[in-house]
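Reviewing the structure listed below.
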There are 2 protein chains.
Amino acid sequence: VRLDRSVSVGRAEAEALDIDDELAPFRGRFDLGDPDVIYVDGNSLGRPPLSTATRLQTVVTEEWGRGLVGSWESWIDLPRRVGDRIAADLIGAERGSVVLSDSTTVNLYKLASAALDAQPGRQVIVAEAGSFPTDAYVLQGLAAARGVELRAVRPDEVEDALDGDVALLALSHVDYRSGSLVDMGGLTAAAHRAGALTLWDLCHSVGAVPIDLAGDEVDLAAGCTYKYLNGGPGAPAFLYVRPELQPRLRQPIWGWFGQQDQFAMAGTYSPAPGTGSWLVGTPPILACVAAEEGIAVIAEAGVDRLREKSIRQTSFCVDLFDSWLAPLGFSLATPRDPAERGSHLSFRHPEAWRLCRVLIEQLGVVPDFREPDVIRYGLAPIYTRYVDVWDPMDRLRQAAEDRLWETVSTERRRVT
Amino acid sequence: VRLDRSVSVGRAEAEALDIDDELAPFRGRFDLGDPDVIYVDGNSLGRPPLSTATRLQTVVTEEWGRGLVGSWESWIDLPRRVGDRIAADLIGAERGSVVLSDSTTVNLYKLASAALDAQPGRQVIVAEAGSFPTDAYVLQGLAAARGVELRAVRPDEVEDALDGDVALLALSHVDYRSGSLVDMGGLTAAAHRAGALTLWDLCHSVGAVPIDLAGDEVDLAAGCTYKYLNGGPGAPAFLYVRPELQPRLRQPIWGWFGQQDQFAMAGTYSPAPGTGSWLVGTPPILACVAAEEGIAVIAEAGVDRLREKSIRQTSFCVDLFDSWLAPLGFSLATPRDPAERGSHLSFRHPEAWRLCRVLIEQLGVVPDFREPDVIRYGLAPIYTRYVDVWDPMDRLRQAAEDRLWETVSTERRRVT
């Protein structure tokens with residue numbers, strides 16, 4: 001799709017693209033909530049699959065209510081079972097290398113901590129300056145506790161920062177602010193040449209961008225299930241450990257669920273073989289089954305097909321941006337090459353905060369805002385139509401043309 | 001209740017106690033599942049309140065489905081809001097001192113780690129030998145990582161083990177195996193005299209035994225919400241930090257949810273004031289609201305009233321034990337003084353494993369088994385009737401008298 005920039009694009013064009021969309025039926029698998037709201041924030045919190053509410057009822061009433069404690073016979077394997085699904089269908093990982101567990105932050109902590117332990121002669125973590133707060137904070141905490149240097153650099157400086165002192169390279173696959181997609185294979189290879197391990201945060205890419213952890217020889221990874229995977233607010237995260245690294249790595253939070261032969265209740269910790277040792281406490285089953293429902297729909301649609309649609313939609317959106325928003329003082333913070341971006345676009349504007357409020361409060365569009373001047377449009381391809389790209393762009397254009405930001409307060413309220 | 005041991009107690013006696021039970025109506029607030037099953041394992045996994053399924057529907061459909069990302073405006077405070085409810089109604093803690101967060105194990109890790117950091121000249125953790133595996137393992141991991149001595153002693157040796165090298169005393173309030181209730185105030189005072197901090201695991205007492213953390217001057221505590229609090233399988237845990245200790249302690253897993261002014265997305269971690277700094281990643285909202293439902297019912301019934309009923313029920317059960325089971329080769333592993341036990345009773349028998357299988361598979365009773373020879377009967381007072389004490393005791397008596405264990409295999413299967 002490349003629009004003629006000299007003419008405004010009509011909505012009929014978007015409608016035509018929807019008719020040709022082979023993934024369109026998947027929209028019907030979701031609870032679409034208020035029909036008057038257009039949601040372009042699936043990169044922050046995905047929509048509920050229709051099956052999730054039903055599944056939760058069954059789990060509460062049948063498995064928990066009737067099955068009671070006996071249901072642990074099936075629940076006990078849930079973190080591994082869902083992990084295997086993520087491994088096979090979403091991130092190109094080996095069977096047994098992924099578990100659903102804890103939050104992304106706790107997983108990053110476990111993984112980075114184990115990586116530092118495994119590289120005793122190396123005293124540097126390389127990370128991206130301006131990475132997502134939780135990634136930055138958890139590494140700052142580990143660096144402070146261990147007296148390790150946290151070398152935070154710009155994306156184009158990463159390769160130069162990889163010297164013989166580096167224990168770990170920790171990066172996000174897609175940048176939460178700009179939407180840039182990083183070359184995972186290339187940077188992992190560069191890290192390995194320097195003798196460093198790699199830890200990838202997949203939160204902003206999993207489910208929207210094909211990932212090949214095994215092929216890219218990634219060492220460690222973590223990600224959430226509540227963005228493009230539609231697992232529900234705060235749904236449990238997952239983690240990946242490359243199988244050949246397993247024997248060398250031991251995570252720091254020794255818990256009952258990571259114990260070999262758990263129900264023997266042995267007095268001394270002895271880690272379970274494989275990724276099981278990265279589990280910690282009792283998994284939150286209600287949250288895990290909701291995550292499983294979200295993952296199943298994405299797996300069924302297929303990440304490759306979702307990526308194709310995502311590229312078409314973000315390209316369509318960039319073309320509308322160029323036609324409508326660039327002339328109105330917006331700048332595009334996301335790479336123009338589809339190969340270099342994920343599934344969300346970031347528009348910078350001095351009045352971004354108030355424009356976001358106008359979209360939400362007056363124009364029926366839900367994007368999100370990131371400090372200091374970024375409006376994000378996340379286009380989750382599984383349930384987003386092309387008209388759901390066209391309409392929010394048209395409304396943002398109207399809001400800017402009519403200076404509607406002047407109708408709302410500059411006061412910042414908490415928005416996620 | 002003290003039975004005449006020379007005569008067998010009739011079921012009518014239990015029925016009479018049920019008629020007099022002022023808490024009896026609370027049973028109707030729970031999804032009672034299969035009416036042919038008597039559940040005496042609420043100390044492992046509590047039953048679902050009826051309101052939980054409804055609440056989850058509302059949260060999925062209305063808050064998540066319609067409210068979308070905007071619902072974070074109310075979800076964001078959920079860990080603190082539920083924490084304040086636990087603080088005020090269940091554990092005698094100050095407002096703002098408790099948050100719902102992570103698993104018990106992750107919380108024990110954060111708390112013990114911070115306590116060790118705060119006591120740099122002290123190199124010993126005192127804990128109970130044979131404590132619940134996750135407590136033992138997490139402390140073993142910390143001790144190994146830091147070169148700290150883990151001094152695991154018998155309950156009666158704890159006071160003698162508290163010398164000037166001890167940084168932390170970590171104990172369970174109720175022992176998972178025996179059901180013994182420990183003197184929290186006395187041992188906390190003893191630890192303080194030795195200059196040690198205290199960390200209490202409340203998993204097996206919260207919701208069944210009155211707890212007064214502020215009054216007992218406890219430093220740190222953690223507990224789960226899926227046993228007597230009926231929050232659902234693997235429901236999120238909580239943690240407590242004594243307010244005056246807050247400024248001295250910093251937890252090791254620095255995350256976005258523990259950050260001051262979280263949505264400013266600052267590049268450098270700066271912990272939120274108070275217990276907020278102990279939050280880590282995005283909380284699992286579906287699991288949190290289920291926990292909140294469970295907690296609300298217990299808070300409404302009141303822990304003092306629940307404790308009174310629990311003591312009556314465990315005393316009734318001990319009397320039946322003496323009349324029926326003691327003569328059949330069982331021994332009671334739980335203290336006879338109600339002041340020294342929680343709400344579950346442990347019976348030892350050489351055929352405990354097979355007797356448990358007989359109860360579950362043939363006699364419609366769900367207890368649990370703990371290695372090597374313990375049958376646990378957990379009497380959750382909120383939904384357990386006196387006939388639900390009498391019947392399982394009567395059936396266990398039958399099973400033992402008739403040597404029904406001979407009808408099942410000795411092979412151990414995984415049971416929680």
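Bear in mind that the values in this text are calculations on the coordinates, not laboratory data. Source: prediction; values computed, not measured. Note: ideal-geometry Cβ built from the backbone for every residue, glycine included; neighbour counts use all protein chains shown.
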Discussion item. Which lysines, if any, have their Cα less than 19 Å from the Cα of A:Lys227, not counting same-chain residues under 8 positions apart?
Written reply: A:Lys309
Discussion item. Going 7 Å from Cα along the Cα-Cβ axis for the label, what nanometre distances separate A:Ala145 from the same residue across the other copies?
Written reply: 0.4
Fill in: Other-copy label distances relative to A:Asp156, 7 angstrom Cα-Cβ extension, nm
7.4
Worksheet item: Where both residues lie in chain B, what percent of DSSP beta bridges are antiparallel, nearest 5?
Response: 50
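Taking the Cα centre as origin and putting +1 on Lys and Arg beta-carbons and -1 on Asp and Glu beta-carbons, what dipole magnitude results for chain A, to the nearest 20 debye? It would help to have the intermediate numbers written out before the result.
Working: 41 positive and 59 negative charges, 147 e Å.
In total the dipole reaches around 700 debye.
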Response to the item:
Along segment B:102-107, Karplus-curve 3J(HN,Hα) (6.51, -1.76, 1.60; θ = phi - 60°) to the nearest Hz, with x for Gly and Pro, reads 6, 9, 3, 4, 4, 5
Worksheet item: ³J(HN,Hα) across segment B:387-394 via Karplus (A = 6.51, B = -1.76, C = 1.60, θ = phi - 60°), whole Hz, x for Gly/Pro?
Response: 5, 7, 8, 4, 4, x, 6, 4
Fill in: Residues with amide H under 5 Å from that of B:Asp219, placed H, sequence gap 5 or more
B:Thr198
Worksheet item: So for the pair A:Ala118, A:Leu245, with labels modelled 7 Å out along Cα→Cβ, what separation do we get in nm?
Response: 0.5
Worksheet item: Can you sort A:Thr225, A:Thr334 by how many other beta carbons sit within 10 Å, fewest first?
Response: A:Thr334, A:Thr225
Worksheet entry | Order of A:Leu249, B:Leu328, B:Leu286 - criterion: other Cβ atoms within 10 Å of each residue's Cβ, fewest first | B:Leu328, A:Leu249, B:Leu286
Item to complete: Rounded to the nearest 500, what is the 222 nm mean residue ellipticity of chain A from helices alone, with -39500 (n - 2.57) per DSSP H run of 4+ residues and division by all residues?
Response: -10000 deg cm²/dmol
Fill in: Simple label model, 7 Å out from Cα along Cβ direction - B:Glu15 to B:Ala266, nm
6.7
Discussion item. Between helix B:352-362 and chain B, what is the angle of the helix's C-alpha long axis to the longest principal axis, kept within 0 to 90° and rounded to the nearest 10?
Written reply: 80
Response to the item:
In segment B:167-276 the DSSP beta bridges are antiparallel at a rate, in percent to nearest 5, of 45
Practice prompt. May I ask you to report, in nm to one decimal and beginning with the shortest, the distances from A:Gln362 to the same position in the other copies, taking label points 7 Å along Cα-to-Cβ?
Written response: 7.7
Item to complete: Give the long-range amide H neighbours of B:Leu168: residues separated by 5 or more places, or on another chain, with amide H under 5 Å away, using H modelled in the peptide plane at 1.01 Å from N.
Response: B:Val124, B:Val126, B:Leu197
Worksheet entry | Cross-link reach list, lysines versus A:Lys110, counting only Cα pairs under 18 Å and skipping chain neighbours closer than eight places | B:Lys110
Worksheet entry | Inter-part distance where segment B:142-216 and segment B:263-334 are each reduced to a Cα centre, Å | 18
Discussion item. Could you tell me the calculated FRET efficiency between A:Thr54 and B:Arg81, based on Cβ-Cβ distance and R0 = 45 angstrom, to the nearest 0.05?
Written reply: 0.95
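Nearest-5 percent of antiparallel DSSP beta bridges in the protein assembly as shown?
Numbers: 42 of 82 bridges.
Taking every DSSP beta bridge within the protein assembly as shown, about 50 percent pair in antiparallel fashion.
Please report the net charge: other residues with Cβ closer than 15 Å to the Cβ of B:Gly164, K and R +1, D and E -1.
My count for the surroundings of B:Gly164 gives -2.
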Item to complete: Compute the relative contact order of segment B:184-337 as a whole-number percentage, counting only Cα pairs closer than 8 Å that sit 6 or more residues apart in sequence.
Response: 21
Worksheet item: Nearest 20 debye, what's the magnitude of the dipole of segment B:129-221 about its Cα centre given +1 on Lys and Arg Cβ and -1 on Asp and Glu Cβ?
Response: 300
Response to the item:
Percent relative contact order for chain B, counting Cα pairs under 8 Å at least six residues apart, stands at 23
Discussion item. Please give the charge dipole size of the protein assembly as shown, origin at the Cα centre, charges +1 on K and R Cβ atoms and -1 on D and E Cβ atoms. Round to the nearest 20 debye.
Written reply: 340
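Which order results if A:Glu293, A:Glu371 are arranged by neighbouring Cβ count within 10 Å, fewest first? All intermediate terms of the calculation are to be shown ahead of the outcome.
Numbers: A:Glu293 23, A:Glu371 13.
Ascending Cβ contact count within 10 Å gives the list A:Glu371, A:Glu293.
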Worksheet item: Farthest toward the dipole's positive end in segment A:156-212, which of A:Ser205, A:Leu169, A:Thr188, given Cβ charges of +1 (Lys, Arg) and -1 (Asp, Glu) about the Cα centre?
Response: A:Ser205
Discussion item. Run the simple label-point estimate for B:Ala326 and A:Ala144 please: 7 Å along Cα→C-beta, distance reported in nm.
Written reply: 5.8
Worksheet entry | Leading residue at positive end of dipole, chain A (Cβ point charges), from A:Gly33, A:Ile253, A:Gln362 | A:Ile253
Item to complete: Could you run the Karplus curve 6.51 cos²θ - 1.76 cosθ + 1.60 with θ = phi - 60° over segment A:129-138 and give me ³J(HN,Hα) per residue in whole Hz, x for Gly and Pro?
Response: 4, x, 6, 4, x, 5, 5, 4, 5, 5
Response to the item:
Sorted by chain and number, the residues with a modelled amide H under 5 Å from that of A:Gln259, at a separation of 5 or more or across chains, are A:Ala272
Fill in: Within-11-Å neighbourhood charge of A:Glu217 [Cβ basis; K, R +1; D, E -1]
-3
Practice prompt. Would you work out which of B:Phe132, B:Val148, B:Leu100 lies farthest towards the positive end of the dipole of chain B? Charges go on Cβ: Lys and Arg +1, Asp and Glu -1.
Written response: B:Val148
